[in-house]
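First up is the structure itself, then whatever we jot down about it.
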Amino acid sequence: MDNQKESIAFLRAANAPTMPPPVSDRGVIGWLRANLFASPRDSVLSILVLLLLVWVVPPIFKWAVTNAVWNGTSRDDCIGPEVGACWAFVKAKFGQFIYGRYPIEERWRVNLTGLLLIIGLVPIAMPTVPYKRENAVYLLIVFPILAFILLTGQLGLEPVETSRWGGLLVTLVVAIVGIVVSFPLGILLALGRRSEMPVIKMFSIIFIEFWRGVPLITVLFMSSVMLPLFLPADVSFDKLLRALIGVALFSSAYMAEVIRGGLQAIPKGQYEAANAMGLTFWQGTRLVTMPQALTLVIPGIVNTFIGLFKDTSLVLIIGLFDLLGIVQQNMTDPNWISPVTPATGFVFAAFVFFIFCFGMSRYSAYMERRLDTGHKR
Amino acid sequence: MNKSILTAVVGAAAFAGLGAAAASAATLDDVKAKGFVQCGVSTGLAGFSAPNDAGDWTGLDVDLCRGVAAAIFGDPKAVKFSPLSAKERFTALQSGEIDVLSRNTTWTMSRDTELGLNFAGVNYYDGQGFMVRKSLGVNSALQLSGASVCVQTGTTTELNLTDYFKANNMTYNPVVFEKLEEVNSAYDANRCDVYTTDQSGLYSIRLGLSAPDDHMVLPEIISKEPLGPAVRQGDDQWFSIVKWVHYAMLNAEEMGITKANVDEMVTSTDPNVMRLLGKEGTFGEAIGIGNDWAYNVIKQVGNYGEIFEANVGASTPLGIARGVNALWSKGGLQYAPPIR
């Protein structure tokens, strides 16, 4: 045995040091090889996309940044053969884009309302923050009252009629009211449609099918053109209120169908189990079926919300100026008409809409991951 | 209660085009009670009603409403504006949502009769015109034979164009598009020699071209589009007020009374001026407002020439020539009856 040990020329006593993977498999090169140039077909596609980017991005950058006009007081600054975006237009009109024609000295009220909303919204959106119940009470009861007082001007504040509201303010008011009203209403309608009580079921079906059957633009148009003819001359229904009611009812019909889809996806056993536990219908719905149904249809719900957010632009046809409407209106200011003004205005509006819609989308993705609905089935 | 039902019925009837009788009377009393004039304007039309940087409404149509407010309250700010789409505008007036519609609305017979409106005058004589490149070397529409013309399809503009060229024994190549934006970009991209639409529109379209100064609007107007303020039928007093505010602005221009010199003109001994400015007679009382009504209109808003220049005239980016909108004494169509 000893002999044998000595006959071995070399005995490794420790593990060989770990070598890094070859250069071609790591770092930037490795990533490129794995993701962009894994096969000849991938390589061709990657190069084509790269060429497309080289072709598209520099002109956009040139238009939006290097050739753009950042400062100026009128159209004269935005005229020229090579002029890009006229950001000076957005700068001069920024106040209107956000607040509409809300009196300048009263705009702090809009800002304060926005701040109050953020104070309520941020903690309720973060799952780790406690006091959810109090937070919800603040957001759904206290905040709307405060917002109403501040925005319309109650309790001795200077009244500001809604025809002077505009811009992002109107977009957010319509979208938030639509979302907040349509969600609970949609849940009730979805339950109603699945109910075995004929009157409730019939009512829910008629309601949902009616509102889904007419275009939103028709609803808004009827509310602004036909309704005044049937009302006495001295009764004037606030235009914004008409739009809010129309949008809320309209989107609750869509919401109801999304939620019904979730309810139908839950196995029958869940309902039976809830019954077997001795839970009443409302308890079973609240504790067993509805939470499951809602988590299942998060993508559908957010889809409806985003659609609703973008549909707010339709209020333009009844003479309310949401963000897009006020941007378009300001394009007609003779002081600012130029070949680049419309493009600049639309890019700005698109950017603002994108921020909000993308934000909603990311938050829903986060909630989905947290509730882990994607891996359940 | 009765009044309410009547208004609703009348409004519905008018909407259906069945003809309308008297709407609610005494608009002036309502206006005085609420303290402001509710004025319907467009949702944005350069020079006629558009917001400025501060968010205030400006324009020719807007100033007419400010004039009415100045005549009644002595304050041109006592007016609230309702931006209206083309479809909403008549309903808004019929239903009483607005007191006066000053929204680049063409005065036509059917609107004047069936729709139950009264047009109180013409504050801008518009009509179809032509825009060409200066490099074309053309200075009259009659020289356009053989030209290619950009026009929006399916509009009366297209029909007028055909008639005009046929009547003058000229030929043209139509280049038609569905949307106004398409017509704009086609013309800007040199796909046609001539652009035709309403003349006031041509001036604002010109501003959006890549080199506005290379283009000119030809003097000819080939159709009639008289734009003016409208009120509901059945309230003659209110109709008179709006009508005479417009006439007062015209008379003031004719007499040379401006915003700047109206305070000196008050002491004038010219009987025409004295009657206009309320120093003689009780013309204001006759329509239910103060005798210094015209003084207020001129002092606070200006005469017609002044508001034209300030909103659409040569000193503005639009640079619209007075043309047919000059006073009758200067070869135009703007004519006001005398005050006596």
Pairing the Cα long axis of helix B:2-15 with the longest principal axis of chain B, what angle in degrees results, from 0 to 90 and rounded to the nearest 10?
10 degrees
Taking amide H positions as placed 1.01 Å from N in the peptide plane, with prolines and chain starts having none, which residues 5 or more places from B:Glu280, or on another chain, fall under 5 Å of its amide H?
B:Arg275
I need the Kirkwood Rh of region A:38-103: take the reciprocal of the average 1/r across all distinct C-alpha pairs and report it in angstrom.
14.7 Å
Before anything else, pin down the relative contact order of chain A: Cα pairs under 8 Å, at least 6 apart, normalised by residue count, whole percent.
18 percent
Between region A:199-248 and region A:39-102, what is the separation of their alpha carbon centroids in Å?
40 Å
Based solely on its DSSP helices, what 222 nm [θ] is calculated for chain A when runs of n ≥ 4 H residues each add -39,500 (n - 2.57) and the sum is averaged over all residues, nearest 500 deg cm²/dmol?
-20000 deg cm²/dmol
Could you run the Karplus curve 6.51 cos²θ - 1.76 cosθ + 1.60 with θ = phi - 60° over region B:246-262 and give me ³J(HN,Hα) per residue in whole Hz, x for Gly and Pro?
4, 5, 4, 5, 5, 4, 4, 5, 5, 8, x, 8, 10, 3, 6, 9, 5
Subtract the Cα-Cα distance of A:Ala16 and A:Leu112 from 0.36 nm times their separation in residues, and report this length gain in nm to one decimal.
28.0 nm
How about region A:1-103: which trypsin sites (Lys or Arg not before Pro) there lie in a loop by DSSP and see at most 14 other Cβ atoms within 10 Å?
A:Arg12, A:Arg26
What range in chain A is the longest one free of chymotrypsin sites (Phe, Trp or Tyr not before Pro) that are in a loop by DSSP and have at most 14 other Cβ atoms within 10 angstrom?
A:238-377
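Looking at region B:117-212, which chymotrypsin sites (Phe, Trp or Tyr not before Pro) are DSSP coil and have at most 16 other C-beta atoms within 10 Å of their C-beta? Walk me through the intermediate numbers first.
Working: sites: B:Phe119, B:Tyr124, B:Tyr125, B:Phe130, B:Tyr164, B:Phe165, B:Tyr172, B:Phe177, B:Tyr187, B:Tyr195, B:Tyr203; in loops: none.
Sites meeting the loop and neighbour criteria: none at all.
Which entries in the list B:Lys279/B:Lys299; B:Lys34/B:Lys77; B:Lys166/B:Lys224; A:Lys93/A:Lys239; B:Lys259/B:Lys279; B:Lys179/B:Lys224 go over 20 Å, if you measure between the two C-alpha atoms of each?
In this structure, A:Lys93/A:Lys239; B:Lys179/B:Lys224 lie more than 20 Å apart at Cα.
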So which DSSP H runs in chain A come out at 15 Å plus along the axis (Cα) with average Kyte-Doolittle of at least 0.0?
A:40-61, A:87-99, A:107-125, A:167-194, A:198-213, A:239-265, A:298-311, A:341-371
Karplus-derived 3J(HN,Hα), 6.51/-1.76/1.60, for each residue of region B:304-320, Hz, glycine and proline x
4, x, 5, 6, 5, 5, 5, 9, 10, x, 4, 7, 8, x, 5, x, 7
Hydrodynamic radius by Kirkwood for the protein assembly as shown, inverse mean 1/r across distinct Cα pairs, in Å, is 30.2 Å
Cα convex hull of region A:23-151: mean projected area in nm², to one decimal?
15.4 nm²
Average accessible area per residue (Å²) across region A:25-67 - probe 1.4 Å, nucleic acids and ligands excluded:
84 Å²
For an R0 of 35 angstrom, estimate the FRET efficiency from the Cβ-Cβ distance between A:Ala125 and A:Phe281 and round to the nearest 0.05.
0.70
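Evaluate 2.2 N^0.38 Å with N set to the residue count of region B:233-337, then give the Cα radius of gyration divided by it. Please report the intermediate quantities before stating the final value.
Numbers: Rg = 14.2 Å, N = 105, 2.2 N^0.38 = 12.9 Å.
Cα Rg divided by the expected 2.2 N^0.38 Å: 1.10.
When the gyration tensor of region B:128-217 is built from Cα positions, what are the square roots of 5 times its three eigenvalues, in whole Å, from largest to smallest?
On the way: eigenvalues 67, 47, 25 Å².
The equivalent ellipsoid of region B:128-217 has semi-axes of 18, 15, 11 Å.
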How much of the accessible area of the protein assembly as shown, probe 1.4 Å, is carbon plus sulfur, in whole percent?
63 percent
Phi-based couplings in Hz for region B:144-149 (Karplus 6.51, -1.76, 1.60; Gly and Pro marked x)
8, 4, x, 6, 8, 10
I need the P(r) histogram for region A:307-365: all alpha carbon pairs, bin width 10 Å from 0 out to the longest distance, whole percents.
22, 44, 26, 7, 1
What's the local net charge at B:Ile205, with K and R +1, D and E -1, over the other residues with C-beta under 11 Å away?
-2
Can you give the Kirkwood hydrodynamic radius for region A:179-263, in Å, rounded to one decimal and based on Cα pairs?
13.7 Å
Two-decimal ratio, region A:25-67, of alpha-carbon radius of gyration to 2.2 N^0.38 Å:
1.53
Taking 50 Å² as the minimum loss, tell me which residues in region B:201-216 lose that much accessible area going from the chain by itself to the full protein complex (1.4 Å probe).
B:Leu207
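Give the relative contact order (percent, whole number) for chain B; include only Cα pairs under 8 Å separated by 6+ residues.
For chain B, the relative contact order is 21 percent.
In percent, what relative contact order does region B:161-250 have, based on Cα pairs under 8 Å that are 6 or more apart in sequence?
16 percent
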Say each of A:Phe94 and B:Gln143 gets a label point 7 Å from the Cα, pointing the same way as Cα to Cβ; how far apart are those two points in nm?
4.9 nm
Residues with amide H under 5 Å from that of B:Ala147, placed H, sequence gap 5 or more:
B:Asn173
Looking only at Cβ-Cβ distances, which cysteines of chain A have no other cysteine closer than 4.7 Å?
A:Cys357
Hey, what's the Cα Rg ratio for chain A versus the globular rule of thumb, 2.2 N^0.38 Å?
1.39
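Compute the FRET efficiency between B:Trp328 and B:Thr106 as 1/(1 + (r/R0)^6), taking r as their Cβ-Cβ distance and R0 = 22 Å, and round to the nearest 0.05.
Calculated value: 0.55.
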Work out, step by step, the length gained on full extension between A:Phe148 and A:Ala365: first 0.36 nm times the residue separation, then minus their alpha carbon distance; give nm to one decimal.
74.9 nm
Give me, ordered by chain and number, the residues 5 or more places off B:Thr105 or on other chains with an amide H under 5 Å from its own placed amide H.
B:Gly228
How many nm is it between the label spots at A:Asp372 and A:Val23, if each spot is 7 Å from the Cα in line with the beta carbon?
4.5 nm
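With a 1.4 Å probe, how much accessible area is buried between chains B and A, both sides summed, in Å² to the nearest hundred?
2800 Å²
The values are calculated or read from the model by the stated rules, or taken from the named source; none is laboratory data. Because the structure is a prediction, the values reported are computed rather than measured. FYI the Cβ positions are ideal-geometry reconstructions off the backbone, even for glycines, and counts take in every protein chain you see. Keep in mind that these areas ignore ligands, DNA and RNA; they rest on the heavy atoms of the full protein, side chains included. Shrake-Rupley method; radii C 1.70, N 1.55, O 1.52, S 1.80 Å.
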